[in-house]
Amino acid sequence: AYAGLVPSEYSSGDVRKQGKITKTGNRHVRRLLIEAAWSYRYPPAIKGQLKKRQEGKSPEIQAISWKAQNRLNRKYFRLLARGKASNKAITAIARELAGFVWAIAKEASISEKLVTKVS
């Protein structure tokens, strides 16, 4: 479903002007992504509850999640270093997090189809 974490656009011809985040789409999904994005302020680590949740998951899904942790943490601090406000940086992280969630969902559905074919 559409989360609404894309910039609005005022374009004409060759001129492309982007505005604020549109906030259209599913507000609950958008809020969950924003809340989850706040965790990328901390250094990436797999410990505690996260380690327990990852038990039994495919190595491909674990690789995607580790890549997301590292990339989104670095991106957050790069945006802050450039002078972006923390709320804007978190919104950017949430937008990218939506892509990682999609990649994990796609990988899980492919794995499920393979298991079904083998069975």
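The values are calculated or read from the model by the stated rules, or taken from the named source; none is laboratory data. Remember, it's a predicted structure, so these values are computed and weren't measured experimentally. Cβ sites come from the backbone with ideal geometry, for glycine too, and all protein chains shown count toward neighbours. The accessibility values were calculated without ligands, DNA or RNA, using every heavy atom of the protein model including side chains. Shrake-Rupley method; radii C 1.70, N 1.55, O 1.52, S 1.80 Å.
Checking each residue in region 14-51 for being touching a strand residue (DSSP E or B) at 6+ places or on another chain (Cβ under 7 Å) and open to solvent by less than 100 Å² (accessible area, probe 1.4 Å) picks out Gly19, Ile21, Thr22.
The residues in region 1-13 that are in a loop (DSSP other than H, G, I, E, B) and open to solvent by 70 Å² or more (accessible area, probe 1.4 Å) can be counted, and the count is 3. Among the residues of region 52-69, those identified as open to solvent by 40 Å² or more (accessible area, probe 1.4 Å) and within 21 Å of Ala103 (Cβ to Cβ) are Arg53, Glu55, Gly56, Lys57, Pro59, Glu60, Gln62, Ala63, Trp66, Lys67.
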